[in-house]
Structure formats: C-alpha cells, structure tokens
Amino acid sequence: MKHPSTRRGFLKTLGTAGGLLALEALCPRLSLVPRQSSIAEALAGGVFEASITITWWPTLPYHLPVSVAREKGWFEEAGIRIKEIFGSKGGGTTVRNIVTGGLPFGETAASAAVNAYYAGEPLILFGVGVTSPGYICWVVPPDSPVRTMEDLKGKTVGYTNPGSVTESLLALVLKRAGLLGQVKTKALGGVGEGLTALKQKAIEAAAIMEPILSRQKDENWRVIFRARDYVPLYIQTFWITSPEMAQQHPEVLTGFLQVRARGVEFIKNNLEEAAKIFAKTSDLSEEVALSSLKNIAPVTYYSDGSFHQEGLNLVEEGMQAVGLIDHKIEWNKLVVQSFLPEEKRIKLN
C-alpha cells in the first residue's frame, strides 16, 4: 500500500500515517497546541523559555530523560526553561505542533518526521530520542496454541495503525524471521483494539508495549516475540526543529541535547529513582513504572542524541517495507549534527 506523499495527502493522514501508537483512550493529556509566539519572543532575560512537544507524553516513556532533567532543575542551570510539555496522538500530530503550532522543537516518530520533510515541511532532525524497539512485542492469550513464530504461518497478526512503528517493526521482524508473506497482518486501530480482537479470537497475536504490558500483568499475556530480538537498533524517534530555530538559537539546541543526555545517564545509573519520576509524571504505580523501565532496557533504549547509520538504514527499510516511501532517504539533507559534540558526529551515507 502506498501512503500519500504529497503535502495534501500528508496533512490528510497525519493522525495515522505518522502515528506512533494509537493509545488515545490512555492519554488524557494529549493535545494539539495553539499557535505560540515567535521564537525570538521566547528568549527573555538571558533564559530561553518555551513549551515543547513529545510524542505520547505522558503515557509512554519517550519523555523520561526530559522529565528527569526538569525534575532535577538541570535545564534551568543551562539557561533553558521548559514551561510545558504538550503530548500528541502520535508522531504526525507532534510534527504539526511544531510546524503549525509554533513550538520550537520536539520529539516525534521517525516516520512522521521523514514524511513531513518529503511533504515539503521546513524541518531538520537535530537528535535521536529512542534508538531501540524497547519492549514492543507481540502477545497471545495464555491458552493459545501458538508457541513460536513458526506457529504464526497462515495466521493473522495485528499492529496498531498504518504507518505506525508497530507496522514497520512487524514487517522487519517477519522479514528477518523468513516469514514475510506467510503471515497475514492487520491494522486494528490501537493497542486496546488489538488486545480486544485477540480476546475475541479475531487475530492470533497482537502488539503491546510498556507500560501497558506491566499494567495488564493480570491478563497473563504470553509474549511470542520481541521486536528487539530481530531489530535491535531501530530508531523510533527523532528530535526535530525548524531551520529558523536552528539559525536563531543554536546554543539552545546544543544545551538541550547536553542536558537531555545527562538525563539519559541518570536513568541508566539510577533506575529506581528514575522509575519514581516516571510514575509521578505518567500516573503509574511505582511498581509498574519500575517494571516498565526494566523491560525497555534503558541502556540501549535511550539515545544520547547521536545518530547511527544502521538505525537510519532500518528506518528507511521499514518505511519502504510498508509503502510509506518508494525511494532512498536523503539523510544528509535531513540531519544536522552541529548541535552534537564533534566526537559524536558521524559521516552520513
């Protein structure tokens, strides 16, 4: 299936083709932000003050390095004051928060950022957010006869939405398992919808991720496969901004990535305290928050902001596999690495 690549088609399908995961019912604080004042007005008294946007804030753990750094006051130390974080229903809406909502920068699904660029939107990728599938996995009911990937031959496996990370990852996993074309795949409209279809025996396996899996431990879902066992370095999210922001306030983007990287290191070395912050910001029990973080494996999950070619190649391969693009991605035009330390920059293919 080819997804629209024109500007009109892109805007029409922002909520699905760029969507990361459909969890609308679980995200009461999602919003499309009103138009902000100009970037120049955001700088007052030597402090850059603005709101930002992060995909699926506060439900999924993408935001945690930023939340940790806010909690610790590290952004203020660097002259950056984050007034508010706006969430979204997935990557497409996150892009729109920046392009039309006027927010200076944000974290969005990789496919949404690439789609937006090729639809003519003025944006650049200045950092990587999440660099592995974490604990995106596919489950079956406890009494299912499906025990292995091979048992899925000829059966139907669900993913969330067209253009989602789960669609791309499922295609990549099936390809690497030698099962591409031998397993039927179906968009269910969201994680909850997929699990409902699973209970109703409309499909044989459904996608789930943290913290939903830990929240639903009483369901006794049985994991058939984890995406990271087949695609360990998949880039889920990018940090994006506008050329205007990059030109006017390069020091803010540099400082932001440095502070966020400090948050990443804190999570890796202080998992229990990080879990308490995750629980507070995402309305979880501390038990669920800690279980979720252990499952996503923060050491490989969170990026310090730097790019890696293998991850970029997998984004391209995944988007091609599901028909989001039919060409190679010009990473050297999309990616700007000048906000990263020189030793963390790579040569892009």
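Throughout, read-outs are computed from the coordinates displayed, never taken from laboratory work. Here the structure is a predicted model, which is why all the values come from computation and not from measurement. In this analysis, Cβ positions are derived from the backbone assuming ideal geometry, glycine residues included, and neighbour counts consider all displayed protein chains.
Miscellaneous remarks
- Relative contact order (%) - criterion: Cα under 8 Å, at least six apart; region: the chain: 25 percent
- Phi angles of the stretch 192-197 translate, via the Karplus equation with coefficients 6.51, -1.76, 1.60 and θ = phi - 60°, into HN-Hα couplings of x, 5, x, 5, 5, 4 Hz per residue; Gly and Pro are given as x.
- Gyration tensor (alpha-carbon) shape descriptor, the stretch 137-229, a/c threshold 1.5: rounded
- Once the Cα atoms are used to define both axes, helix 271-282 deviates from the longest principal axis of the chain by about 90 degrees.
- Dipole magnitude for the stretch 219-349: computed about the Cα centre from +1 point charges on Lys and Arg Cβ and -1 point charges on Asp and Glu Cβ, it is near 140 debye.
- Percent of beta bridges antiparallel (DSSP, the stretch 137-229, rounded to nearest 5): 60 percent
- In terms of the mean number of neighbouring beta-carbon atoms within 10 Å, the peptides 168-174, 52-58 order highest first as 52-58, 168-174.
- Under 26 Å, Cα to Cα: Lys pairs in the stretch 137-229, sequence gap 8 or more or different chains: 21
- Once the Cα atoms are used to define both axes, helix 309-321 deviates from the longest principal axis of the chain by about 50 degrees.
- Calculated [θ] (222 nm, deg cm²/dmol) that DSSP helices of n ≥ 4 give over the chain, each run adding -39,500 (n - 2.57): -10500 deg cm²/dmol
- Matching label, Kirkwood radius over Cα pairs in Å computed from the structure shown, candidates (1) 21.8; (2) 20.2; (3) 20.7: (2)
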